[in-house]
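A short write-up of the structure that comes next.
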Amino acid sequence: MAKSLFVCQICGAEHRKWAGQCPDCREWNSMTEQVIESTIRVGKASKSMATTAIPDIAMHKTERRSTGINELNRVLGGGLLSGFAIIRA
């Protein structure tokens, strides 16, 4: 998700929220938005986030156990999975 940073064009102050008046130099209408690229930190290095198209995602067929109730099996995607829990609110 891209984040925004608002920078005063007069004094260069950076703020997370837009304001009509710069809190630092008190100039009006001097704040402009700059979009910051999202990154994921991996140790000391950072990498840009990559996207994957839905058809390119590998699907793994997992064996499911029938509950004996067709509608419940449909809702659960074909039945129960080993090691998963179902919580009813």
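Every number here is computed from the coordinates shown, using simple stated rules; none is lab data. These numbers come from a predicted model, not from an experiment. For neighbour counting, all protein chains shown are included, and Cβ atoms are generated from backbone atoms with ideal geometry for every residue, glycine included.
Mind checking which residues of region 46-89 are in contact with a Gly (Cβ under 8 Å, 6 or more places away or on another chain) and touching a residue at least 12 places away in the same chain (Cβ under 8 Å)? Walk me through it before giving the result.
Narrowing region 46-89 to residues in contact with a Gly (Cβ under 8 Å, 6 or more places away or on another chain): 64-67, 73.
Once the filter is applied, which keeps residues that are in contact with a Gly (Cβ under 8 Å, 6 or more places away or on another chain) and touching a residue at least 12 places away in the same chain (Cβ under 8 Å), region 46-89 yields R64, R65, S66, T67.
In region 8-37, what count of residues is obtained for those that are among the aliphatic types (A, V, I, L, M) and surrounded by 11 or more Cβ atoms within 10 Å (Cβ to Cβ)?
If we filter region 8-37 for residues that are among the aliphatic types (A, V, I, L, M), which is where we start, we get 10, 13, 19, 31, 35-36.
Within this subset, residues satisfying the condition of being surrounded by 11 or more Cβ atoms within 10 Å (Cβ to Cβ) are 10, 13, 19, 31.
Residues meeting the conditions: 4.
Taking only region 56-89 into account, find how many residues are surrounded by 10 or more Cβ atoms within 10 Å (Cβ to Cβ) and either among the hydroxyl-bearing types (S, T, Y) or not in a helix (DSSP H, G or I) (or both). Walk me through it before giving the result.
In the first step, residues of region 56-89 are kept if they are surrounded by 10 or more Cβ atoms within 10 Å (Cβ to Cβ); the result is 62, 64-67, 69, 72-81, 86.
Filter once more, so that each one left must be either among the hydroxyl-bearing types (S, T, Y) or not in a helix (DSSP H, G or I) (or both): 62, 64-67, 69, 76-81, 86.
Qualifying residue count for the region: 13.
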